[in-house]
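Visitor: If you scroll down you'll find the structure; I have some questions about it.
The values are calculated or read from the model by the stated rules, or taken from the named source; none is laboratory data. This structure is a prediction, so every number in the text was calculated from the model and none was measured. Ideal geometry is used to build each Cβ from the backbone, glycine not excepted, and the neighbour counts take in all protein chains shown. Note: accessible area is taken over every heavy atom of the protein model, side chains too, but ligands, DNA and RNA are not part of it. Shrake-Rupley method; radii C 1.70, N 1.55, O 1.52, S 1.80 Å.
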Amino acid sequence: MVGIISLDICPENTRCILIESDLSDSLKSKLMSLGWLPGREIKVIRRAPFGDPTIYLVDSTEISLRQDESKMIKVEPLYPAPLSVVPKGTYVVLNFTAGKFFSDKVRNLGIEIGKEIQVLSDPSNCKILIMTNGKKLLIGHGMGQKVLVKVR
């Protein structure tokens, strides 16, 4: 498991386990009746063009939530997880969720599938500090969202 974060920072295609929520009782009961129970898996399906609202999938039910509601829901992302949500540690790169141009760009930086990387900064920072091939790199969260990793 990765660590507990708020649902609003999970990028698209991230799978998470619902931990708890600080929603109002009425909204919490509506979501619970739709299957949003602690321990259930949630998948981030897609975001609106300007990032709000976001559609989530629980079992076979798609639910749209606003960002202020998603901030109050605590989840634990499952591996493989995007580099942008993992805590400090050592990981193995599994895949890139973008096209050839992106793949070529990150390979030129030294981030390759099957290679080990170290995350040296918290995911809450604006940039992600990593170490690969003995050199330190700063990458943005947008790039980190497209690099899937697992614990070494």
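Visitor: Looking at segment 91-138, which of the residues that are touching a residue at least 60 places away in the same chain (Cβ under 8 Å) and part of a strand (DSSP E or B) is farthest from ILE9 (Cα to Cα)?
Guide: So the residue we want is VAL92.
Visitor: Considering segment 48-73 alone, what residues qualify as being open to solvent by 50 Å² or more (accessible area, probe 1.4 Å), farther than 16 Å from LEU18 by Cα and either in a strand (DSSP E or B) or at pLDDT below 90 (or both)?
Guide: Residues satisfying the conditions are PRO49, PHE50, ASP52.
Visitor: Right, next: Can you list residue pairs whose Cβ atoms sit under 6 Å apart, with the first residue in segment 139-152 being more than 16 Å from GLN118 (Cα to Cα) and the second being surrounded by 14 or more Cβ atoms within 10 Å (Cβ to Cβ) and among the β-branched types (Val, Ile, Thr)? Count only pairs 6 or more apart in sequence or on different chains.
Guide: From residues that are more than 16 Å from GLN118 (Cα to Cα), the pairs are LYS146/THR97.
Visitor: Is it the case, given these coordinates, that LEU83 is among the aliphatic types (A, V, I, L, M), touching a strand residue (DSSP E or B) at 6+ places or on another chain (Cβ under 6 Å), more than 28 Å from LYS28 (Cβ to Cβ) and buried (at least 20 other Cβ atoms within 10 Å of the Cβ)?
Guide: Answer is yes for this residue.
Visitor: A further question on this structure: For residues in segment 25-46 being in a helix (DSSP H, G or I) and not acidic (Asp, Glu), which is farthest from LEU57 (Cα to Cα)?
Guide: Filtering first and then ranking leaves SER26.
Visitor: From the list ASN108, ASN95, ASN125, exactly one residue is in contact with a strand residue (DSSP E or B) (Cβ under 9 Å, 6 or more places away or on another chain) and either at pLDDT below 90 or open to solvent by 50 Å² or more (accessible area, probe 1.4 Å) (or both). Which is it?
Guide: ASN95
Visitor: Mind listing whichever residues of segment 22-42 are under 27 Å from GLY142 (Cβ atoms) and open to solvent by 20 Å² or more (accessible area, probe 1.4 Å)? Even if it seems obvious, please write down each step before you answer.
Guide: First pass over segment 22-42, keeping only residues under 27 Å from GLY142 (Cβ atoms): 41-42.
GLU41, the sole residue that qualifies.
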